[in-house]
1. Go through the range A:236-265 and report how many residues are within 14 Å of chain B (Cβ to nearest Cβ) and β-branched (Val, Ile, Thr).
2. Among (1) in contact (Cβ under 8 Å) with a residue 40 or more places away in the chain; (2) within 14 Å of another protein chain (Cβ to nearest Cβ); (3) outside any loop (DSSP other than H, G, I, E, B); (4) out of contact with any Leu (no Cβ under 8 Å at 6 or more places or on another chain), where does B:Ala52 come up short?
3. In the range B:58-75, what residues are within 13 Å of chain A (Cβ to nearest Cβ) and not in a helix (DSSP H, G or I)?
4. Residues being under 14 Å from B:Ala54 (Cβ atoms), buried (at least 22 other Cβ atoms within 10 Å of the Cβ) and either away from every other protein chain (no Cβ under 13 Å) or among the charged types (D, E, K, R) (or both): count how many of those fall in the range B:102-119.
5. So how many residues does the range A:139-178 have that are charged (D, E, K, R) and farther than 19 Å from A:Leu220 by Cα?
6. Going by the structure shown, is A:Leu275 aliphatic (A, V, I, L, M), surrounded by fewer than 16 Cβ atoms within 10 Å (Cβ to Cβ) and touching a strand residue (DSSP E or B) at 6+ places or on another chain (Cβ under 7 Å)?
7. Under the condition of being surrounded by fewer than 18 Cβ atoms within 10 Å (Cβ to Cβ) and either more than 25 Å from B:Lys139 (Cα to Cα) or hydroxyl-bearing (Ser, Thr, Tyr) (or both), which residue from the range B:20-47 is modelled with the lowest pLDDT?
8. Considering every residue within the range A:228-235, establish whether at least one is within 9 Å of chain B (Cβ to nearest Cβ), in contact (Cβ under 8 Å) with a residue 24 or more places away in the chain and either hydrophobic (A, V, I, L, M, F, W, C) or in contact with a His (Cβ under 8 Å, 6 or more places away or on another chain) (or both).
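The values are calculated or read from the model by the stated rules, or taken from the named source; none is laboratory data. Treat the numbers as computed from the prediction; the structure is a model and nothing was measured. Neighbour counts are summed over all protein chains in view; Cβ atoms, including those assigned to glycine, are modelled from backbone coordinates with ideal geometry.
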Amino acid sequence: MKFSISRDALLKPLNLVAGVVERRQTLPILSNVLMVLEGDQLSLTGTDLEVELVGRVALPSPVSAPGEVTVPARKLVDICKSLPEGSEIQFTVEDGKVTVRSGRSRFTLSTLPAREFPAVEEGVGTHRFTVKQGQLRRLIDRTAFAMAQQDVRYYLNGMLLELKGGRLRVVATDGHRLAMCTLPSPVPVDEDTQVILPRKGVLELSRLLLEEDQDIAMVLGSNHLRATTDGFTFTSKLVDGKFPDYERVLPRAADKIVLGSRLELRQAFTRTAILSNEKYRGVRLKVAPDVIEIVANNPEQEQAEEQVSVDYQGDSVEIGFNVSYLLDVLGVLSGEQVKLSLSDPNSSALLEESEDGDSLYVVMPMRL
Amino acid sequence: MNLQGLPQVSVPLPWQAQAWAHLQEQISRQQLPHALLFAGPAGVGKERLALALARYLLCYQPVAGHNCGECRACRYSQSGSHGDFRWLQPEGSSKVIRIEQVREAVAFVYRTAGFGARKVVVLTPAERMSNSAANALLKGLEEPSEDTHLILVAQRLQGMPATVRSRCQLVKLPLPPGDQCIPWLQQVTGDEASATELLELAGGVPLQAEQLYNDGGAEPLREQRKLLGDLARGKVNVPLVAARLGQQDLAQTLRDIALFLHVYLCRQEQAGLRRARPLFQLLDRMQALQVAIAAGSNPNPQLALESVLISFADGFGVMRSGANMRSSSQEIAS
């Protein structure tokens, strides 16, 4: 096995693939990257047994001897990174050693047999569809913050991807707030399905979505989610569980509709948050016609008060919230206006950008 | 236990045949519990049984009651890189299984399988989980996702929280009788006489006998036995013995002394046992000391060893002062 490739063509996929490989690995082979040479294509595979990423690079000329080998990922990245830009790198595999040559540098790396590398088989997915990377990125960016972290309700430590009636929707919740985003354009699939992508898979997947207008082909199976772009194939295990019925959480009877400037509200919340209880982060919202008063106080008896003028007609209501949850939502929303729907101090609030937004956020109130 | 470069096929040990047949039957009837607890004294091959079971469960096409050794799953489990298999044991210099390891394993338990149908987690030694680690395990141990098996391996059942024990089906693996071990040990050593002698030296613990053979520890152990025998008969004094024994690891020395006492006490008759109270007390004390060392405390080796040896010498002094001193000292000599 012998080939040469330019440093810059190799570095980008190698960097992403090596990012999946965990630093602290008890198994030596998992800290390696699998290099497979076939025709004029070199593929690089990294895995942590939960998420697998394959990067593909085209070689300038087809090679005569195909082959496969695994080499230490971190060391290879460090070597390629520190070589000068625009240089050519030559790889030679001989007697269980990989020799990397470039200009007057020469490195010999140890290898492990490629057959021991646990690569996920070409799976049989049941649901296939293609979306733009930008669309998927928006779905993830808008909801990922609400995923739970190390919750005992293991099915919350991830993101629900739901195909239902030809539309793709993602939902994330930690039990206190819920974020939901629906793809506006229909997705041509016949059957409905639900999968939960684990937290780590969500974060890794979003790192791949760099080209807004390029397609990404998704395959959902019972055990895996696979996403394929031009240069990469991403495979993740799923969370084996049932996601709670999120439809039941969406407030239906909200009759108090408040419309306000997103930026003004966000700034007001940011300021009042300073004097909220550091642990519980509670703020009190006093909603009255045409104005919201935001009040926060902490155990040191310090108090912050803010008034924001809003568009609201109706009865006054007083309701408490964890200000971090509100700020998270206002941070991912875009647009001038934000719509806040309330019913009473014991019911969840619904936040959205306007009538025709694609995202919905539910935040539970706090008793203050 | 090192999980890399395993043999192609992992089989249970001969004396585990009965337990193995029972497990096989449970598997074939699809009634294998999701949480198993293998319990028994050190050196009976609990971990080997756990490994054999894990690889059997992961194998695509098990043959003749063990994993096939040919399929992809077996190849991965052979090199230790099977994605649906986790083996938890204290890492590095740590003496306990830490909570992060358990959390990672619980997350694994709730993931879908990546290679075959089943997932397996082995936790060994389960009594070395810290309290918080054991609590983090409970939920996953009670209700893992489907086709997931957790195998806990423990030496001291009482060292584990009852909440963990009660969630597992217990499989007891007692010390096998000698006649079941000797044919197996004979394959290792080559002839029956040395197998029998080794097994006796190892106090009837088969895997320890194997280890003695493999690392050449039999000769030093024989000398050590003789030294302890001399001390028991009052022929040598404590400082001399302490200096000789102090060269090796304290935990190991304590195990050897305990084994010597066990073998000795097993041969006593009623009259002898009556006088052996100090020796039993010494055993209790040593056990407490061993537990403390296993839990991470760090006694001064020389002081601990000398105090044990002084009690040892005193205890045998009481034995010798009994009525038939001659016969008991003969026993010691044997």
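1. Adding up the residues that qualify gives 1.
2. (2)
3. B:Tyr60, B:Glu70, B:Cys71
4. 1
5. 6
6. no
7. B:Ala42
8. yes
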